[in-house]
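Inspection log for the structure reproduced underneath, given as structure tokens.
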Amino acid sequence: MKENAKVAIIDAAIYLFNHKGFNGTSVRDIANKAKTNVANISYYFGNKNGLLEQCLTEYYEAYIQEIEKGYNLLDRGATQSLKAVAENILYFQFENVQLTRLIIREMSIDSQMVREIMSTYLTKEKYYLNKIFEQGFKTKEFYLNTASYLILQWKSLLTMPFLNSHYLTEVLYLVPHESYFVEKYVRETHAWVDHIVCRKESKEQQVTLLNVL
């Protein structure tokens, strides 16, 4: 029962932080949404900042695990590893859309909490991605390039669907919460790997691109 209350508080906070903003949400708002009392929030998280820190930590713990799953395929080739990492993260993010939107927005703000996340989890992310790209350069799977710029492009692809949901729905007429969207978007990221990162295309890769288009 206590664990259910903790989960309810986190879920309520994620919803309210997304819809009202962190500063626009009070601890009492969260307690009311979670159908619990303010004392429980204080007991589990200390305060509102502690609750946000919990959301960030839980997200990035799971996020790094998804990267590690793909990184562990590196012995099968850098291309397969990079595609697996992207696919794992995209499905994870789409399964946790509200949390992902919150995290991406909060990470754009300069704060001590954000700097701590960058120095731990995002440094680890960079380490894994650098290793994948370095192997791709070494084995000539990938065009010789600057890993940092490729990481920048890669992260842009993976975060864009969560930056502005209204832009996707109202301007591009895409429905990001539908399963078909994530399936097609995964294929699009694979096509980016095949035709931007990789040195040359196999016949199988060419067929994949035609299917995407």
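The values are calculated or read from the model by the stated rules, or taken from the named source; none is laboratory data. This one's a predicted model, so the numbers in the text were calculated from it and none came from an experiment. Positions of Cβ are backbone-derived with ideal geometry, glycine not excepted, and every protein chain shown enters the neighbour counts. Quick note on the areas: whole protein, heavy atoms, side chains included, nothing else; ligands and nucleic acids left out. Shrake-Rupley method; radii C 1.70, N 1.55, O 1.52, S 1.80 Å.
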Those residues of the range 174-197 which are modelled with pLDDT of 90 or more and among the hydroxyl-bearing types (Ser, Thr, Tyr) amount to Tyr185, Thr189
| message | Scan the range 57-67 and tell me whether some residue there is of a type in the set (Val, Ile, Thr), in contact with a His (Cβ under 9 Å, 6 or more places away or on another chain) and either open to solvent by less than 20 Å² (accessible area, probe 1.4 Å) or at negative phi (or both). | response | no
Checked against (1) modelled with pLDDT under 95; (2) charged (D, E, K, R); (3) in a helix (DSSP H, G or I), Lys200 satisfies every condition except (3)
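Against the definition (β-branched (Val, Ile, Thr), farther than 30 Å from His166 by Cβ and outside any helix (DSSP H, G or I)), how does Thr36 come out, yes or no? Give the derivation first.
Details: β-branched (Val, Ile, Thr): yes; farther than 30 Å from His166 by Cβ: yes; outside any helix (DSSP H, G or I): yes.
Against the criterion (β-branched (Val, Ile, Thr), farther than 30 Å from His166 by Cβ and outside any helix (DSSP H, G or I)), Thr36 qualifies.
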**Q.** Test result for Arg105, open to solvent by 60 Å² or more (accessible area, probe 1.4 Å) and either at pLDDT 95 or above or in contact with a Gly (Cβ under 6 Å, 6 or more places away or on another chain) (or both)
**A.** no
Filtering the range 161-180 down to residues that are open to solvent by less than 70 Å² (accessible area, probe 1.4 Å), without any contact (Cβ under 8 Å) to a residue 24 or more places away in the chain and in a helix (DSSP H, G or I) yields Leu168, Thr169
